[in-house]
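Here is the structure we will look at, set down as structure tokens.
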Amino acid sequence: MATLDELFDTAGARLRTAAETPSSDRSASARDLDLFLSALTEPLDLSDGLGTEDVPRSPVTNDLVYHLRRASDALQSAQRLLPSPGGGPAEDHLPEASAAVHAVRDVIESHRGPDRVPLSAYAYALTTGPAHHYLTRRCAELAWGATQVASALARDSLDPSAAAAFGDVHRFLSEASVFGREGTRDADAAIGALSLTLPVAPVQARSTDRTRDVPANLAEDCDRLSRAAFETLHHRSDHRMSGSDLQQLARWTAIQRLLAGRVLLRAAEELPDEAAAALRDSAGALRGSAQAWQKSATAWHRIVDIADPRSHPKLPPPSYEIVRRGEVVRLPQVVPHAATVIAHTAAVRVGQLLYGPEWRPETATRPEPRAGSEVLADARGTGALASALYRLPAAGWQLALAAPQAVSLARGGLVTDVFEQQAPGRENHRFRPVNPYQLEALSHPYKAVLPAEQASAASLLEVAGQAGVSVPRALLDAAAHRTLAAGQGWGQARKAVRSGQSGFQAQQPQVRARQRPRSL
């Protein structure tokens, strides 16, 4: 998926090509440049874009929009002095630049729903002044590219009046570029790593997938898991995670970490001692994350969610009398939560990188791992491999933070057949509701997952840094994690921004299960 930085870079490259390519139809080029300037104001429109009434547009952004509109008026004057555009094919560089800018707006809009509330934790970072200044700065850079196009049109124009109008366009865009870049020194560069937020819908891994596509596919899976965690925290989804979902999600996540550690160990065989030691350390950190996730799955042993009893203790066959009376009841067939399926798919993808595209967790025997050189070639190097695997603990941290909330929402249907953990008053039933202490025992293991995932992410980022590969996404994730850890809602975050905060204060994550009355 393209990030904001990549989209802005694409638009800038198209503008440079348009300025260097002689125009075969100046009228059509002027029209396309006008359309580009109209598109350039879209990311800056706070009334229907990034911002809210609590974060007004800065004077720098207002000046940039003002000069862009003056340039657009001058372009329209030039178009009236030129003949109508011909019917022949025109250059597509300016339309492609406009499409890239429209895509910037689409990325921003994807992080909010129709009711304008956030759909991801990254939406909070988009409401700050430095985030707005990032967009202003990048749009100002594109305005400078547009000046080169206007200069080329003025140079090639045979009509002196049209050339003068193009000169006005050049002047207005130059002022917009200079003032826009000078007044946005506090721009938050981390926003450039933002990409389109994806719906919580699994995309299955197939045996025909190419192993070199695994890092990109894995990043998309992690984005979907991050959104699922956010929806759980803020009750944005009608499909809640059940006890079976949480148990299986923890198991698949643990398998992901184990496989990712084996990938690193396999790649370490091809590296010098110092670089190999760093990969082995990261593999050890991932092993610790896997153990923490497995403990959270083990806590569900002998606990059944009657609304979704896919995971339950082995039951004895029904007696003859029960069958004769027709009291045999089939367990309901429940559609698993999409996050559980996505976690399974992510485990398959990491296994494909290690064992090949045809590998599946259900395979009876473990195949021979691929050569470390092949793994590094598909991942495009050690740094890129660490950067790709970093997305697993970054998303897993958010899932672990949301899991206690999911436990609290599912508590009404949780039962156990362990007498010591049952609520009193139901002596004639094998399965009885769990008590508050058992709910706490279900939520408590996730507290250990949080630091384990942070340690894994930090270790992988260190490997990427040693290899000279930057991970811009890490800054964006850190801001999102601080926001989630603070436990602030959308209204509180907006209030904090209104009070002049440029970011969110880091707080130590606190994960607590919601207590239930003892009279269960």
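The values are calculated or read from the model by the stated rules, or taken from the named source; none is laboratory data. These numbers were taken from a predicted model, which means no experiment stands behind them. Here the Cβ is made from the backbone with ideal geometry for all residues, glycine too, and neighbour counts use every protein chain on show. Each accessible area value is taken on the protein alone, full model and side chains, heavy atoms only, with ligands, DNA and RNA left out. Shrake-Rupley method; radii C 1.70, N 1.55, O 1.52, S 1.80 Å.
Key figures for this structure:
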{"item": "Segments 362-368, 388-394, 190-196 sorted - mean Cβ within 10 Å per residue, highest first", "result": "388-394, 190-196, 362-368"}
{"item": "Helix axis angle, 472-486 relative to the chain longest principal axis, alpha carbon, degrees", "result": "50"}
{"item": "Computed helical MRE - 222 nm, the chain, DSSP H runs ≥ 4 contributing -39500 (n - 2.57), nearest 500", "result": "-20000 deg cm²/dmol"}
{"item": "Given charges at Cβ of Lys, Arg, Asp, Glu: the range 223-318 dipole, positive-most of ALA267, HIS301, LEU286", "result": "HIS301"}
{"item": "Under 12 Å, Cβ to Cβ, from GLN294 - net charge with Lys/Arg +1 and Asp/Glu -1", "result": "+4"}
{"item": "Cα extents of the chain along the three principal axes, largest first (Å)", "result": "100, 53, 46"}
{"item": "Net charge, ARG26 excluded, C-beta distance under 15 Å - Lys, Arg +1, Asp, Glu -1", "result": "-3"}
{"item": "Accessible solvent surface per residue of the chain, calculated while the other protein chains remain in place, 1.4 angstrom probe, Å²", "result": "45"}
{"item": "Local electrostatic count at GLN148 - Lys and Arg +1, Asp and Glu -1, tallied over other residues with Cβ under 9 Å", "result": "0"}
{"item": "Within the chain: Cβ-based charge dipole about Cα centre, in debye rounded to nearest 20 (Lys, Arg +1; Asp, Glu -1)", "result": "2280"}
